[in-house]
Each structure stands twice: as C-alpha cells, then as structure tokens.
Amino acid sequence: MARYAFISDIHSNVQALESVLTEIGRAGVDGIICLGDVVGYGARPVECIELVREHCDLTIIGNHDEFMIENDMDPLLNDTARESLMWTMDKLGEAHLDYIRSLSGMVYLSRDLMCVHDNPVPSMTGYIRNPRAASNAFLGVDRSICMVGHTHVPQLFHTATSSTDAAAIPLDVQSHYLEDGYTISLNPEFRYIINPGAVGQPRDADPRASWGILDLTLGHFQVNRAEYDVAGSRQDVLDAGLPGVLADRLVLGT
Ligand code: ZN
C-alpha cells in the first residue's frame, strides 16, 4: 500500500466522520488508518466505533478510548472530558469494548512509517504542539515518518538530524501548520512527525473536519478539510445532555 488516508480524533462526531469517509472514497486510497480517540466529547460513540471498525484498515488506540477499558480515570482530565467519558461508557456494549481492547498502541507499518496516538516516546504522553516538544518526541522516531494525532491541529515537524543520532535531541526542528489542500513534499533525508488534525473536534479555529493523505510513492502529504453538518452534531451534544461547551466548541473549531 502506498497511499494512505489518515484520520484521527473523531470524538463521537458521526456527522464529521461520515463526511470525511465520503471524501476519502472520492480521493481513492489504498488504506485508511485511524490514529485514535474514536470516542469521548461527542454524542454518537456507537456509530463512530462501528464506522471505524468497518472502514479502517488499522486503528490506533487513543487516550479517550483507553479510558473506556481502564478502571482508573486520568487525574489530569478536566471535568468536561470526564463527564463525557462517563456518559460514553454507559452507551457502549461489550462488543464495542472488545473492539477497543483489540486496538493497537504504537505500530510500525513499514520501513518508513510508524503510527501512535500521542507521542512516540512511550514515557511521554504530552502534546506535540511546538518544535521544543517535537525535539523530545523525535527521540522515539526511528522511521522516516511518525504519524500522530492528539493535538487536534494539522501540523508537521521535521528534522534533518538522522535517525541514527536518535540518542541526541535534534536542535533543528521546524514546524509547519498544514493548510487545507496544501501538498508538502517530504525530503527523504529528513525525519517527520505529521498530524492530520482532528475529524470530530478541530482546534485550529477552522470548524471543518480535518484529515490527510500520505502518498509514500510520490513522497508527499496533504491535509484536506471537509465541510459537515456542524449544527446537527452540536444539537446531538445538547440533546444528549452533555456539557454545552462541547457543543459550542464544534462551531468555533476550538
Ligand atoms: Zn483527542
């Protein structure tokens, strides 16, 4: 497989997921990879799990997904996230939990490509939002490309420091925000950490669903934004009795 669609951070937003899957169908890819957080925050967890199970060739487990199958809640979670996760747990059946249990942690997909939800250094779970955080994260990147989710922002980091120097923190890390439709060529001499942004809860002030295509044959990555029924998704959150802030942030893209 050479041309992969990447989706991440769906967060129980079925309207956004359906829109992205339609666009991926039009784009034509060899496989679809989900980088985790299928559930949490949104109101339609069951449909999202079932669509991901049906369409994705590989799904990585996210921290919100993990909470469904672990008994202890992360003390760092804020009250809103905690409330939505408790609500979600109540909606899932044993088959959904079994599916979540079957998901992978970090996966090496090929000689060039690895995938993880939050951070390629197992002891780090922090957000990779800036070159400083990415420098530390590159210590765990022993492939040319490491695909991540978790921040909900489409962004790319690169370093010219080769993977054989992985014991040294690279000091040359640069970051690029990935605009809708922009294709970035990947330098075979560099290492990359690439985030396709969030399907179901974008946080870069653009409410459209975000996803990406990695073409390993052509050596490029492109982010695409998909319009979806934001109002419908917002209303589902309100109708479910979930915190209003989770509904309104979909409209703002924050
Ligand atoms: Zn997330």
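Determine the pairs where a residue that is aromatic (Phe, Trp, Tyr), located within region 125-137, has a partner that is buried (at least 17 other Cβ atoms within 10 Å of the Cβ) and not in a loop (DSSP other than H, G, I, E, B) with Cβ atoms under 6 Å apart, the partner being 6 or more residues away or on another chain. Matching pairs, first to second residue: none at all. For residue 204, state whether it is farther than 19 Å from residue 21 by Cα and under 17 Å from the mean Cα position of the chain (by Cα). When the stated conditions are applied, residue 204 passes them. Consider region 1-57 and keep the residues that are open to solvent by 30 Å² or more (accessible area, probe 1.4 Å) and outside any helix (DSSP H, G or I). The one that is farthest from the ligand (Cβ to nearest atom) is 28. Looking across region 184-204, not a single residue is surrounded by fewer than 21 Cβ atoms within 10 Å (Cβ to Cβ), within 16 Å of the ligand (Cβ to nearest atom) and outside any loop (DSSP other than H, G, I, E, B). Quick check on region 39-48. Is at least one of its residues more than 20 Å from residue 195 (Cβ to Cβ) and among the aromatic types (Phe, Trp, Tyr)? Scanning region 39-48 turns up no residue that is more than 20 Å from residue 195 (Cβ to Cβ) and among the aromatic types (Phe, Trp, Tyr). Among the residues of region 67-120, which ones are closer than 20 Å to residue 152 by Cβ, crowded, with 17+ Cβ neighbours inside 10 Å and free of Cβ contacts under 8 Å to residues at least 40 places away in the same chain? Listed by number, the residues that qualify are 67, 68, 119. The selection criterion, being more than 22 Å from the chain's Cα centre (by Cα) and surrounded by 13 or more Cβ atoms within 10 Å (Cβ to Cβ), does not hold for residue 154. When 149, 181 are checked against the criterion of being on the phi > 0 side of the Ramachandran plot and either without any contact (Cβ under 8 Å) to a residue 60 or more places away in the chain or open to solvent by less than 30 Å² (accessible area, probe 1.4 Å) (or both), 181 stands alone in meeting it.
The values are calculated or read from the model by the stated rules, or taken from the named source; none is laboratory data. Since we're looking at a predicted model, the values are computed, not measured. Reconstructed Cβ throughout: ideal geometry from the backbone, glycine too, with neighbour counts over all protein chains shown. Side chains included, ligands, DNA and RNA excluded: accessible areas come from the protein's heavy atoms. Shrake-Rupley method; radii C 1.70, N 1.55, O 1.52, S 1.80 Å.
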